[in-house]
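The values are calculated or read from the model by the stated rules, or taken from the named source; none is laboratory data. Computed from a predicted model, the values in this text were never measured in an experiment. Cβ sites come from the backbone with ideal geometry, for glycine too, and all protein chains shown count toward neighbours. For the accessible areas, the whole protein counts, side chains as well, though only heavy atoms, and no ligand, DNA or RNA atoms are used. Shrake-Rupley method; radii C 1.70, N 1.55, O 1.52, S 1.80 Å.
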Amino acid sequence: MKVTIRKWQTVSSWHWDVSEECCGICRMQFDACCVDCKMPGDDCPPVWGACKHAFHMHCILKWLNSNQQQCPMCRSNWEFVTTD
Amino acid sequence: MFYCVQKMNIFSSNISNNGNNFQVNSSSGAAGGIGTIKKTPNSNNIQPQVKKLVIKNLKDTSKASENYQVESWSHLSNAIDSIYKKQPIKQTLEELYRMVDNLCSTEKYATTLTYVVSKHTKSIWDIGLHYFKTFLLSSTNLDKKLRIGILINIEKERNGETIDKDLLHHLIQMLLSLQIYESFEKELLSETSMFYYKESNHLINEYETPEYLKHVNNRIAEENTRSLRYIDPSTKRAIIQVVEKQMLEQHLDRLLQKGFNQMVEMDKIEDLELLYSLFTRVNGLSKLKSAWGQYIKTAGASMLADTEKDSSMIEDLIIFKDRMDHILNISFSKNDQLNYSFKESFEHFINTRQNKPAELIAKFIDSKLRSGSKGISDDELEMVLNKALALFRFIQGKDVFEAFYKTDLSKRLLMDKSMSIDVEKSVVLKLRNECGTVFTAKLEGMFNDIELSNEIMASFKECMAYTEHIKNIEMNVFVLASSNWPQYTPLNANLPTQFLEYQEMYRKFYSSKYPNRKLIWQNSLGQCVLKCFFQNGKKDTISSLLQTVVLLLFNNLNQDEEITLGKIQELSGIELEELKRHMMPLINSNTRILSRRSKNKSKILEIDDLFSFNKDFTHKLTRLKVNALQAKETVEENKKTNEAIIHDRQYQIDAAIVRIMKARKTLTHNLLMSELFQQLRFTPKPVDLKKRIESLIEREYLGRDQNNPMSYHYLA
Ligand SMILES: [Zn+2]
Ligand SMILES: [Zn+2]
Ligand SMILES: [Zn+2]
């Protein structure tokens, strides 16, 4: 044996498992957060609709609260889908 | 009677004001004739007589007849004339006194009487002056000679000769008393003006600026003393104004042009202080301001233009700013206008080289925050950081700084290169105070990620998977929120199966805590502590993950067995250029863990170069670092950071356009541009903005107005 490993320090980056890069409402990356939040993470997650479109949770809630009940991308009726 | 005496007192005080040599003996004056003047010494010798004072009721004096009044008046008038002409008086003084007494009881005559008295009674002093003046002015040229004489003497003194100052003082006092000073003053001022006109035009060529200014200052002081010593103080202001005008005001440009830059260059604090104080006397501040601003701009721009000195640029700029601060504070008394011009000029020149100064400030701070940087005390470190940030304040492209700062910070954090996390955080706090929370949100996010990673790692180490499977190796994982960190490109490498297993265990653990997230491993940032066994002993080696992958290949080879670079590349799966970069330190003369055999002597590694494990390696240290390259910035990395800045700017422009148009629905091109200039935290080029607008029109976020192509609509 010429070489053995004592310690391994490694780096990985986490990403939301979303097919699009950006939220269609605020245009920010999912890996960043919505315009109202500061830190990316579980406080500002993406959510999926039945139409498979994803948005920041905060963005779609704002959208739905303004009386629009359709997906802003495809205009189909919005329904939340839980993953897993 | 009372009235009359009162009037006379007024008269007497007039006399004593004009000349102290005379005094009215009012007691005898009242009795023995109005305005009799006696020499003072005698009057004091009169022995006081004992008198009986009888008080009677005040009688209402009978109103004298009109006729009596006229008559008395005429008598008195004649008598006064006679007294002044020193002729005998017809009436006795007693009679005259009665007349006055009676007349004074009627209001009308009291006033007239006073008038008559005062008409006649110019004081001896005044009369003397009157005759002296008449004589002086009538005799040919005498007063002219006198005035010229005075002026010549003043000029002599200005030329450094000694003169009789008392004499001049008396003569000028005489002119004042004779009330012919005013015309003399005019001549004096015009002579002064001529004198200093000539002198300044001569000296401005002969003297250097500091010498000249000192001379002017002396001249002003001299004229000040002169005015107080023998010229009338009322003329002081006017004379000094003449000096200022001729010696300074006429030459402001010349003085600055001749010597200002050299004075600043050589830190002539006192000379500059004098210059400032003299310039403020003559409204020269705006000229000084522009020379000052121009100097800073030119000197600064030339420091920046010298690309060979980039490595010391920030240090040089800090020294430069310290010097200019010192001049501003000491020589220019922190003058607001000059301070403004200082800041404006600094901001101007530091932005003459796009992006580079911002990058270098970030690197400078990096060099101070790295562990193993030169040992300086906390206070010194604090001071130097503040100074670097003071330069940062002038930078327009703050996002450039942020991008490079972020890249450097990430290395310090991920490669354990930071001197102290507390100091790191204090710098971020300073940046936040300077630029706001939006600016530092990502930097703060980085610290967050590190702390969170440590927490996750601690709980991972407690779970079964770790305690049962990961043995003999200490594993540590940083999980980053990618948007906080610089963009890393994942590097391919065939990791040892052991590593792959550990990664998978960690991934499972992580997913259990954070569903909906995926992990991307950043091999370029991994590092290992290895134990290498040589014939003369073992060494702890800190190496990059990629170096580790390469070194582990030799475990499968026999002693001294050689392997080509091509084969190493094939087995490790690392991209060739990246591989070469990581292998160089392993064959470096100081840390030659691998031996290289090559057909050519070139330093550049070739695909058929042969490598073997250098079992004979020796080194006096037991702990070696071969991964320094990971902490250094490569050319590609620098390029990448710059590209990231451009990309990020485009992104920010897009976001801003959409934000503005969403709020306004319709805007003309110019209005949109001006809003963008206000909102963006860098100074964009109009061409770039136009391109982004075009791109958003293509992507159907915006549409042009059908009638007015220079107006846009927001398309929901
Ligand atoms: Zn969003
Ligand atoms: Zn949010
Ligand atoms: Zn949809």
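Assorted remarks:
- Region B:155-242: GluC sites (Glu not before Pro) falling in loop per DSSP and having at most 11 other Cβ within 10 Å: B:161
- Taking each DSSP H run with n ≥ 4 as -39500 (n - 2.57) and averaging over every residue of chain A yields -3000 deg cm²/dmol at 222 nm.
- Under 27 Å of direct C-alpha separation, and excluding same-chain neighbours fewer than eight residues apart, residue B:691 reaches these lysines: B:356, B:398, B:639, B:640, B:662, B:665.
- Charged neighbours of residue B:297, selected by a Cβ distance under 11 Å, balance to -2 (K, R count +1; D, E count -1).
- Estimated vicinal HN-Hα couplings, Hz - region A:45-57 in sequence order (Karplus 6.51, -1.76, 1.60; Gly, Pro = x): x, x, 10, 10, x, 4, 6, 6, 7, 10, 9, 4, 4
- As computed over chain B, the Cα convex hull volume per residue (Å³): 434 Å³
- Cross-link partners for residue B:309 among the aspartates and glutamates, with Cα-Cα distance under 15 Å and sequence neighbours closer than 8 places in the same chain left out: B:359.
- Cut-off under 5 Å, modelled amide H: who pairs with residue B:614 long-range: B:594, B:595
- Each residue was assigned an accessible area with a 1.4 Å probe, and for residue B:442 the value is about 70 Å².
- Of the GluC sites (Glu not before Pro) found in region B:615-716, those that fall in a DSSP loop while having at most 10 other beta-carbon atoms within 10 Å are B:700.
- Separation of the residue B:452 and residue B:249 label points, Cα + 7 Å toward Cβ, nm: 7.0 nm
- Using a simple spin-label model with pseudo-atoms 7 Å out from Cα toward Cβ, residue B:507 and residue B:290 lie 6.9 nm apart.
- Ordered by solvent-accessible area of protein heavy atoms (1.4 Å probe), largest first, the residues B:164, B:143 come out as B:164, B:143.
- The residue A:65 and residue B:664 beta-carbon pair, evaluated with R₀ = 22 Å, returns a calculated FRET efficiency of approximately 0.50.
- Cα-centred dipole magnitude for region B:636-714, charges only on beta-carbon of K, R (+1) and D, E (-1), debye, nearest 20: 240 debye
- Sequence of A:12, B:177, B:290 when ordered by accessible area, the most exposed leading, probe 1.4 angstrom: B:290, B:177, A:12
- P(r) tail, region B:455-632: Cα-Cα pairs separated by more than 21 Å, 55% of all pairs.
- Here's the list of aspartates and glutamates a cross-link from residue A:7 could span, going by alpha-carbon distance under 20 Å and ignoring same-chain residues fewer than 8 apart: B:416, B:451, B:455, B:462, B:468, B:474, B:501, B:504, B:540.
- Per residue of B:518-524, other chain Cβ atoms within 10 Å of the residue Cβ number 4 on average.
- DSSP beta bridges confined to chain B are antiparallel in about 90 percent of cases.
- Distance violations [Cα-Cα > 21 Å] among B:145/B:186; B:538/B:615; B:417/B:603: B:417/B:603
- Area of residue A:58 that stays accessible when all protein chains are in place (1.4 Å probe, Å², to 10): 50 Å²
- Long-range HN-HN contacts of residue B:530 with modeled amide H, under 5 Å: A:6, B:541, B:542, B:543
- Relative contact order (percent, whole number), chain B, Cα cutoff 8 Å, 6+ residue spacing: 6 percent
- Solvent-accessible surface (1.4 angstrom probe) belonging to residue B:419, in square angstrom, nearest 10: 90 Å²
- Considering every alpha-carbon pair of chain A, the percent of pairs per 5 Å bin, from zero through the bin containing the longest distance, is 3, 14, 23, 20, 14, 6, 4, 4, 4, 4, 3, 2, 1, 0.
- The Stokes-Einstein estimate for the protein assembly as shown, based on a Kirkwood radius over Cα pairs and taken at 10 °C with 1.306 mPa s viscosity, is a diffusion coefficient of 43 µm²/s.
- Within 10 Å of each Cβ in B:436-448, the average number of Cβ atoms from other chains: 2
- Highest to lowest packing among B:73-79, B:433-439, B:134-140, scored as the average C-beta count within 10 Å: B:73-79, B:433-439, B:134-140
- Our helix-only sum for chain B, with -39,500 (n - 2.57) per DSSP H run of n ≥ 4 divided by its residues, gives a mean residue ellipticity at 222 nm of -20000 deg cm²/dmol.
- Shape category assigned to region B:278-421 from the gyration tensor of Cα positions, a/c cut at 1.5: prolate
- Whole-Hz couplings from phi, Karplus 6.51/-1.76/1.60, listed for region B:615-622; x for Gly and Pro: 5, 8, 4, 10, 7, 6, 8, 9
- Highest average packing first - B:660-669, B:501-510, Cβ atoms within 10 Å: B:501-510, B:660-669
- Amide H partners (placed H, <5 Å) of residue A:70, local residues excluded: A:78
- A simple packing score, the average count of other Cβ atoms within 10 Å per residue, orders the peptides A:45-56, B:702-713 as A:45-56, B:702-713, with the highest score first.
- Against chain B, whose longest principal axis is taken from its Cα atoms, helix B:497-513 shows a tilt of about 60°.
- Net charge over other residues, Cβ less than 13 angstrom from the Cβ of residue A:6 (K, R count +1; D, E count -1): +4
- Cβ neighbours within 10 Å from other chains - mean over B:650-658: 1
- Seen from residue B:261, the other residues with C-beta closer than 15 Å to its C-beta sum to a net charge of +2, counting Lys and Arg as +1 and Asp and Glu as -1.
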